[in-house]
Structure formats: structure tokens, C-alpha cells
């Protein structure tokens, strides 16, 4: 019974569950209890919960987060796991003073040990990625622990079958993308992607366009570019090649990989040279993974049917609760109708969507419902802190003034009034952005601070890939670089594009051209690409986050 545990702090929570620390009263041992509200679960959800618990009970290995207890009572199900306090493996690596190829070998060995244990017990994880690789504690040399068996499946021996489209885009294997039968080798492909990242700090397959990313993966189109791969031993590259083999029947197994010289003869084969460039690249990789969570205002759907164009936008604003890298998606194993989401650590199955989409008035046509229901209800965004949950779902209308209301999130809107309001608010955002840029050009920190939230977060070239919070970092540039003698002459915002996110939030993206005179009196122009997220508080717009790439904010002139 659950009364043998004393529940303490809530660590984090979602729509279906919360995770709390707990102490077993008889032993004083600390655990993490995942508490699921079973009253909210469908029959399909119950099946998935039972499958996850069954799989976790089966797996007992030092490199796997262990399930110690599974208790069901009074509308709740309690899963009592190891308390894992070391955070993500990838975050720990970038904090180390020393990191070598041999360290990467030790990391992947522990991951392979966990995968081998899964495969011996007939389990395929299906979602191996950095977010699911944790450290047991903050202690130096703490064990790597494989977590999150929510997508794991049970297989018989070397069975290959179509178990559905599941995983995270950058780590999906070619056979899954081809919708071929698959099995244990999908985990080894993901291990190959992880090992590649461990060695150089960036993934082997990458494209902003998901279709092109999938084409890369299906073709096995990766390489070992100079100069970063020049210092990696041939044995490490050989292991990656054997993991990233397109044909799953020829791909190396976990047992075989553990016998590879780069793993089992680490001390003599793997290089001990410190890989500073890898650490720097990994910092940027981690930052990119979290960027979607720290802010994103992205159009998830842009389709036309019956003259109606529906554009659904969601604003994610969370820096600390969850980190999302790439999206986890699952597609129906029966009809293979593709559904996906750009959510943070959210797993979606087609079966989950059935009967749980938004409610529509009877007069909305079936085709229009089909467009809207391509996006899941907010109940499937449990891991993301949304500003006021979901700010809005905006519908753009047909010539006949039909609308597509998605209850309970948005009321019926009418085009004439909506268009005027939208246009005016977009102009507000452009104007306040211009005011902020003007305060930078004038070196007026007081005016700048009034427009920016005290907890302003930013990614910018000056911060060397790190997330900066607050005003102090920027104050230095106002006081030292933005003097009158160093002031830019003129700034132009090109192609400002505004996304409104409800009544009180917006995102603007633009190209910024800054013209100035250099030290020799010659005119110069700098270009940067910027995105700013705005939030209206007490009737006033405040900049809460920005991301800038390209040139630094201002031309800095140092006295000789």
C-alpha cells in the first residue's frame, strides 16, 4: 500500500501525473514516485500504463532507472522508481573540466549495457536520446541511467514487425522511416547517433526541414568532416559506422558492440586527449535542445480546405521544468495515418487523439473538423509550461465568413473586427521593438530596462552560446561599448514578421541592419537576425526573451 511511503516534494507534473520524492518509512530510503490519476485515463491509456509498469518491473540493471513498486488504489496509480538526482548526462559533460574520447567510450559502454539488458529481456526502448540518459547522482563517476520506457515494446527474440511509427526525429532509424518491419536494431541506430554526438557535440543528421532530415537518415548520409573528426581514432569511427548501418540485419548488436576494441580495450585504443571543441559544441547543442522550450512561437499547421485556412500557434515559455530537444512522435501501427507534434517531451499516439479532440458545433463540416483535429488537445502538452497554458488558436476565415471555433480555448471570432485588431496589435509590437532598438542605439540603459522584463533571457553571440538571464550582462555593454563616440548611426529592421499569441503575448522576427562609422571614418554595415518574445503586463509590453545570431549587437571600438 502507498501508506508505507511518506510523500514529500513535488518535482514536476503534467496533465496525467506528477512526480514526487518519497521516503519508505521502514528503511528511510528515498525514491521518486510517479503518481498517475487513473480517473483521467482511457482504456488505451490504461493499457499503456500497464505495459510500461510490466516492462519496468522486468528490467533490473545498474544502468536502468529501476521500478521498485507499482501500487494501484483509489483512482491513482503509483510507480516508485530510483531517485535519480544527477541530471542529464549531456549537461554533466559540458560542466566537466576534462572530457576525452575515452570518457565518451565509458559513457556509451554504460548505455550499451542498458540496451543489451533490454534486448536480452525482449524489450525495445524505441526512444533512446540524450533526454533519457540520466546520472544516478551528482557524484563524480556516477552511473549513467536509461530512463523513460513509455514507448518501449515487448518482442519475441529477433522478431521484426511493424509496431508503429515511434520515436524522436533525429534518432529514428531508416527502417522506421520506410515503415518496414523493425525490432531491436532501431535502438542500436539511436546509439550510433548518440555516440556521434558524444564525440563531436553535434548530430550526424540535421535539417530544419523534417522531410529533408528523414531523407538524410534513410540514405545514411553522414560523414566525418575535418577538422573535428581528424583527432578521433579510426576505431571510434568504425563503431559508429557499424551502428549507423542502413540494413538492420547487418547492423551491430549491443552484445557485439560491447566487444568492440574501442569499448573493451578503451585504455589502449581510445584517445585520452581533452576535447574542448566537443564540449563547446555540446553546449550549443544543449542550448538548441532547450530553445524550443525557453520560447517558440511556431505555426504547427497551415493547411486549406473548404476555403478555410487554419493556423495554430502555441507559445512555449519554460526554462527550468522540462527540456525538449526534438519531438517524440508515435503513429498508428494499423492505419499509419501520420500525426505529430512539436511539443516538449510529449509523446502522442494516434489512438490517443480519437474522441479527445476539441468539441465543434454541429454545423462545422467534417472536412473542417479534420483540419483542426490534426492538432492534439492541450491535454497532450503536459510537459510544457505555457503562458496561461495555450494562449490562443487563431483561425483565419473563408470568404463566406465561416469560422472554425476550437472550444474551450477560443470563442467565435468575426473577421472584420479580428482583422483590425490583429493589424493594430502587430503594429504595436513593431513599434515597441523599434523603441527598444533605439534605446540600444542611444546607449540609454534606463529606457532599455523599462522595456525589458527583469528576468529577460537571451541567446546572443556575446554570450558564447550560453543562455543569459537578467539585465547585468547587457548593462556592461551599455556602460562600456555604447558610448556616444561609439554609437551606431542608423538601424533598419527588415521584413519584421509578427506572430500574435493570444491577447497578451507576441513574437517578432526580423533582420537588423546597423550602419556606423568605423575608427578610420569609413561607413560600415552589420547584419544580425533577431527574434524577440513580448508579454503584455498591466497594459505594457515587456521583452521577455530574445535570440540573436550574426553580428554582435553594436560595433565595439576599443581605445588603442
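Values quoted throughout were computed directly from the atomic coordinates according to the rules given, and no laboratory measurement underlies them. The shown structure was predicted, so the numbers you read here are calculated from the model rather than taken from an experiment. Every residue, glycine as well, gets a Cβ built from its backbone with ideal geometry; the counts of neighbours run over all protein chains shown.
Please compute, over every Cα-Cα pair in region 35-76, the percentage with a separation greater than 14 angstrom.
52 percent
Counting alpha carbon pairs within less than 8 Å and at least 6 residues apart, what relative contact order, in whole percent, applies to region 1-127?
20 percent
Just the C-alpha atoms of region 55-158: what Rg/Rh do they give, with Rh taken as the Kirkwood radius?
Taking Rh as the inverse mean 1/r over Cα pairs, Rg/Rh reads 1.01.
Can you give me the C-alpha center-to-center distance between region 191-253 and region 162-186, rounded to a whole angstrom?
The two parts, judged by their Cα centres, are 16 Å apart.
Distance in nm between label sites at residue 37 and residue 72, each 7 Å beyond Cα in the beta-carbon direction?
Spacing of the two 7 Å Cα→Cβ label points: 1.9 nm.
Hey, what did region 114-193 get for relative contact order, percent, Cα under 8 Å, at least 6 apart?
Dividing the mean separation by the residue count of region 114-193 yields 33 percent.
Looking only at Cα atoms, what is the convex hull volume of region 102-217 per residue, in Å³?
105 Å³
R0 = 22 Å: FRET efficiency of residue 137 with residue 26, Cβ-based, nearest 0.05?
Calculated value: 0.45.
Would you mind ranking 251, 512 by Cβ crowding within 10 Å, fewest neighbours first?
Ordered from fewest to most neighbouring Cβ atoms within 10 Å, 251, 512 come out as 512, 251.
By its C-alpha gyration tensor, with a ≥ b ≥ c as the square roots of the eigenvalues, how is region 451-542 shaped: rounded for a/c under 1.5, else prolate for a/b larger than b/c, else oblate?
Because a/c hits 1.5 or more and a/b exceeds b/c, region 451-542 counts as prolate.
Regarding region 67-123, what whole-number volume in Å³ per residue does the convex hull of its Cα atoms give?
Normalising the Cα hull of region 67-123 by residue number yields 119 Å³.
Report Rg(Cα)/(2.2 N^0.38 Å) for region 1-113, keeping two decimals.
1.26
With no solvent and one point per C-alpha, what does the Debye sum give as log10 I(q)/I(0) for region 180-227 at q = 0.20 Å⁻¹?
Relative scattering, expressed as log10 I(q)/I(0), comes to -0.77.
Distances over 21 Å make up what percent of all Cα-Cα pairs in region 160-247?
Cα-Cα pairs of region 160-247 separated by over 21 Å account for 28 percent.
How would you rank 206, 534, going from fewest to most other Cβ atoms within 10 Å of each one's own Cβ?
Ascending Cβ contact count within 10 Å gives the list 206, 534.
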